[in-house]
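**Student:** The structure under discussion is supplied below as structure tokens; questions concerning it will follow.
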Amino acid sequence: MPDTPMIAIDRVSKFYGIYNALSDVSLNIGAGEFFALLGPSGCGKTTLLRSIAGFDNPSSGDIRIDGHSAIGVPPNLRPTNMVFQSYAIFPHLNVEENVAYGLKRLKLGADEERRRVGAALEQVRLGHLGKRRGHELSGGQRQRVALARALVLRPKVLLLDEPLSALDKKLREEMQVELRSLQRAVGITFVLVTHDQYEALALSDRIAVMFGGRIAQVATPKEIYQHPRTKSVADFLGGMNFLSGRTLGQTASGLTVETEKFGTLTLSLPEERIEVGARATVGIRPERLRLLWDDARAPHELTGKVVNRAYFGETTHLLVGVEGLEKPLSMIETNTHGADDLPIGADIRLAYDPEAFVLLADDPPVERLN
Amino acid sequence: MNTGAPEKSRLLPAYVAFYFLFLYLPILLLPVFSFNNAAATTFPLAGFTTKWYVSLWGNGEMLTAAVNSLIVGVCVSVLSTLLGICAARAITRYRFRGRRAANGLIMAPLFLPEIIVAVSLLMVVLAAGMELSLATIILGQTVFCLPYCMSVLTAGFEGFDRSLEEASLDLGETAFGTFRRVTLPVVAPAILSSLLVSFTISLDEFILAFFLSGTEPTLPVYIWGQLRFAAKLPSVLALGTIMLLISILLLTIAEVVRRRAERRYATGGYAHA
């Protein structure tokens, strides 16, 4: 990340009456970064995005865009453009007129304007649909119009509010690829709001996970998936088996935690302080548990019974009951060995890697009423 | 037994045919007799004439009433549409306490007996010491037309996606420019439709105009006055025919405008690929 961030959010809070939509949020987003704000509905991610766009004003704190404080600057004077969740295509204008909407004020002259509209439409592969009206376009095409309309103004930051949520699954996946390559091509900062963890993981350079108006963790997709700091973050980013343990002591390589069936694990320390001798939660992702077939052996094994099974085509999700564990373990197996044919009640052996466990901090209490 | 079905299917079209006959035959008689060369409205017809229409043209009283109706109609449609725009925007845009109650109270005149509304308005106007004039008719009819404007306008505004205005601001446009370049064009069909509907209603509204007019009758009030003279009936029919045509024309335009706008916004927000 370069030294001066493109967007610097500095201790921003937002109250609606006594409701605390954002509390003390600080965040830096670099130039050219594809950044995702991820969280459940009501976590404050949209409020934060709208504060960057200028549609909401923080109750306190500062937002700097490209080094300049944006507090009090109306949306039309900010170097940001937004792709709305509903796309907000102007229904009384055709595609070209929509894209040219913001250019009109720049008084570029008809030729230059036409050239830039054409280039923007080519960029999103809509050159052939310039004369269509919004209601004559599919969802995917409408989204491209919204993208072209924003990008044609050459903003420093493009803000995307759940841009893919109105599309069906197949198109959503196509648009993800397209968004990512578009961002690489234009090279500007993209800030994406989404509640879809896979979208955030697939698209962004870094993710901020938000809960209850606060940022719970900021990290790269891989880091945030593999080393979530808190239980909520771990849970929100996919399946996780939570196990309770007790911290025994601290060594140079980390904390040692005693668990019920997985022995004593040495885990790297999360940023949150965890007391030695206290109860602790550790987690392991379902895909890090592996079925052992026939005579296969592994250094770390466990036996259990299949309690439930769900078939997902390429994978099968199993719930495995292990004696001595409160909750059955969830695991994901690719269907290459026949996990999809395991009967419920079958005795199985599973392997795990002690390195795959993460130590999870408890979540800070959420106080949203001031 | 299965004999019910075919019998029903024969009865139903007959019923529908009778229903429409009853509804529209009297109205169809209006133009027929307006071209009939006889003072009495009886069959058989006595031959074709346009003299009743020609006689209207020389009728100063009728022309004055027509001008009155035009003034009232324009004022009522503009006033009730303006008030309707404010109310419809508030009701579709904001969530506030008493929103449903406010909406209900605005729509209520639609269901109140018009004669009661007319009598109470007359009492208020007289108690306030106002002279009965075109202004009092305009006042009364504006109240009466507002619900119609509201239903047209709320339907139009409901399809208005708030983020359209935000998108315009976001693209660099000012608040005023946004109103001019986005808000107005998008809601224009609903506004035009509201103007046309309220003008049409005002044009043939009788009860309020009758109670609240002083010495300046509107067309319906004038027509009612003429009905006392049997000899004048054919020219009243001619006038009625003209008014009927104007009403149909205006309402058709309003409906066409409304539907075109509706189609445009039906898929305005979310859509499937």
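**Student:** Examine the range B:56-66 for a residue that is closer than 26 Å to B:Ala190 by Cα and surrounded by 12 or more Cβ atoms within 10 Å (Cβ to Cβ), and state whether such a residue exists. Step through it out loud before you land on a result.
**Tutor:** Taking the range B:56-66 first, the residues closer than 26 Å to B:Ala190 by Cα are none.
Checking the range B:56-66: not a single residue is closer than 26 Å to B:Ala190 by Cα and surrounded by 12 or more Cβ atoms within 10 Å (Cβ to Cβ).
**Student:** Starting from the range A:201-213, take each residue that is without any contact (Cβ under 8 Å) to a residue 60 or more places away in the chain and list its partners that are among the hydroxyl-bearing types (Ser, Thr, Tyr), counting only C-beta distances under 9 angstrom and pairs at least six apart or across chains.
**Tutor:** Taking only residues 6 or more apart or on different chains, the pairs are A:Leu201/A:Tyr225.
**Student:** While we're on this one: Are there any helices (runs of 4 or more DSSP H) wholly within the range A:105-224 with 3 or more residues that are within 26 Å of A:Asn76 (Cβ to Cβ) and either modelled with pLDDT of 95 or more or within 11 Å of chain B (Cβ to nearest Cβ) (or both), and if so which? Break it down stepwise before answering.
**Tutor:** On the way: elements: A:110-123, A:139-151, A:169-186, A:197-203.
The qualifying helices (runs of 4 or more DSSP H) are A:139-151.
**Student:** Identify, by number, the condition in (1) in a helix (DSSP H, G or I); (2) within 14 Å of another protein chain (Cβ to nearest Cβ) that B:Trp224 doesn't meet.
**Tutor:** The one condition B:Trp224 does not meet is (2).
**Student:** Which of the residues spanning the range B:141-167 are at pLDDT 90 or above, surrounded by 23 or more Cβ atoms within 10 Å (Cβ to Cβ) and more than 20 Å from B:Pro189 (Cα to Cα)?
**Tutor:** Passing the criteria: B:Gln141, B:Thr142, B:Ala167.
**Student:** Is it the case that the range B:21-40 has a residue that's surrounded by fewer than 10 Cβ atoms within 10 Å (Cβ to Cβ) and either in a loop (DSSP other than H, G, I, E, B) or at pLDDT below 80 (or both)?
**Tutor:** No: the range B:21-40 contains no residue that is surrounded by fewer than 10 Cβ atoms within 10 Å (Cβ to Cβ) and either in a loop (DSSP other than H, G, I, E, B) or at pLDDT below 80 (or both).
**Student:** Follow-up. In the range B:159-214, how many residues are part of a helix (DSSP H, G or I), closer than 30 Å to A:Arg78 by Cβ and of a type in the set (Asp, Glu)?
**Tutor:** 3
**Student:** Any idea which of A:Gly277, A:Gly239, A:Gly283, A:Gly245 is out of contact with any Gly (no Cβ under 6 Å at 6 or more places or on another chain), outside any helix (DSSP H, G or I) and on the phi > 0 side of the Ramachandran plot? If you could, list the steps in order and put the result at the bottom.
**Tutor:** Numbers: A:Gly239 fails: on the phi > 0 side of the Ramachandran plot; A:Gly283 fails: on the phi > 0 side of the Ramachandran plot; A:Gly245 fails: on the phi > 0 side of the Ramachandran plot.
So the residue among A:Gly277, A:Gly239, A:Gly283, A:Gly245 that is out of contact with any Gly (no Cβ under 6 Å at 6 or more places or on another chain), outside any helix (DSSP H, G or I) and on the phi > 0 side of the Ramachandran plot is A:Gly277.
**Student:** Between residues in the range B:45-66 that are touching a residue at least 24 places away in the same chain (Cβ under 8 Å) and residues that are of a type in the set (Phe, Trp, Tyr) and surrounded by 12 or more Cβ atoms within 10 Å (Cβ to Cβ), which pairs lie under 6 Å by C-beta distance while being six or more apart or on different chains?
**Tutor:** These pairs meet every condition: B:Ala65/B:Tyr222.
**Student:** Kindly indicate the residue of the range A:207-226 that is over 21 Å from A:Ser23 (Cα atoms) and among the charged types (D, E, K, R) and also surrounded by the fewest Cβ atoms within 10 Å (Cβ to Cβ) among those meeting that condition.
**Tutor:** The selected residue is A:Lys222.
**Student:** In the range A:81-104, how many are within 13 Å of chain B (Cβ to nearest Cβ), farther than 30 Å from A:Ala70 by Cα and of a type in the set (A, V, I, L, M, F, W, C)? So that I can check it myself, show each step before the final result.
**Tutor:** First, pick out the residues of the range A:81-104 that are within 13 Å of chain B (Cβ to nearest Cβ): A:81-94, A:97-104.
Applying the additional criterion that residues be farther than 30 Å from A:Ala70 by Cα yields A:91-94.
Filter once more, so that each one left must be of a type in the set (A, V, I, L, M, F, W, C): A:93.
Result for the range A:81-104: 1.
**Student:** Separate question: Could you please let me know if B:Leu139 is in contact (Cβ under 8 Å) with a residue 60 or more places away in the chain and outside any helix (DSSP H, G or I)? Give the derivation first.
**Tutor:** Working: in contact (Cβ under 8 Å) with a residue 60 or more places away in the chain: yes; outside any helix (DSSP H, G or I): no.
Against the criterion (in contact (Cβ under 8 Å) with a residue 60 or more places away in the chain and outside any helix (DSSP H, G or I)), B:Leu139 does not qualify.
**Student:** Does the range B:84-113 hold any residues that are surrounded by fewer than 16 Cβ atoms within 10 Å (Cβ to Cβ) and among the charged types (D, E, K, R), and which are they?
**Tutor:** B:Arg93, B:Arg95, B:Arg97, B:Arg99, B:Arg100
**Student:** Identify, please: which residue in the range A:55-77 is more than 14 Å from chain B (Cβ to nearest Cβ) and touching an Asp or Glu at 6+ places or on another chain (Cβ under 8 Å) and is, among those, nearest to A:Val12 (Cα to Cα)?
**Tutor:** Filtering the range A:55-77 down to residues more than 14 Å from chain B (Cβ to nearest Cβ) leaves A:58-64, A:66-69, A:71-72.
This time we only want the ones that are touching an Asp or Glu at 6+ places or on another chain (Cβ under 8 Å), so: A:61-64, A:69, A:71.
Details: A:Gly61: 4, A:Asp62: 6, A:Ile63: 8, A:Arg64: 11, A:Ser69: 12, A:Ile71: 11 Å.
Once the filter is applied, the top-ranked residue is A:Gly61.
**Student:** Name the single residue, out of those in the range A:321-347 being touching a Lys or Arg at 6+ places or on another chain (Cβ under 7 Å) and assigned to a strand (DSSP E or B), that is surrounded by the fewest Cβ atoms within 10 Å (Cβ to Cβ).
**Tutor:** So the residue we want is A:Asp347.
**Student:** I'd like to check something: does the range B:142-150 contain any residue that is touching a residue at least 24 places away in the same chain (Cβ under 8 Å), within 25 Å of A:Gln85 (Cα to Cα) and either among the basic types (Lys, Arg) or assigned to a helix (DSSP H, G or I) (or both)? Even if it seems obvious, please write down each step before you answer.
**Tutor:** The initial filter retains those residues of the range B:142-150 that are touching a residue at least 24 places away in the same chain (Cβ under 8 Å), namely B:142-150.
From what's left, within 25 Å of A:Gln85 (Cα to Cα): none.
Looking through the range B:142-150, none of the residues is touching a residue at least 24 places away in the same chain (Cβ under 8 Å), within 25 Å of A:Gln85 (Cα to Cα) and either among the basic types (Lys, Arg) or assigned to a helix (DSSP H, G or I) (or both).
**Student:** Name the pairs: first residue in the range A:30-54 and within 13 Å of another protein chain (Cβ to nearest Cβ), second residue part of a helix (DSSP H, G or I) and at pLDDT below 95, Cβ to Cβ under 7 Å, at least 6 apart or on different chains?
**Tutor:** A:Ala53/A:Pro75; A:Ala53/B:Asp170; A:Gly54/A:Pro75
The values are calculated or read from the model by the stated rules, or taken from the named source; none is laboratory data. Computed from a predicted model, the values in this text were never measured in an experiment. Positions of Cβ are generated from backbone atoms using ideal geometry, with glycine treated the same way; all protein chains shown enter the neighbour counts.
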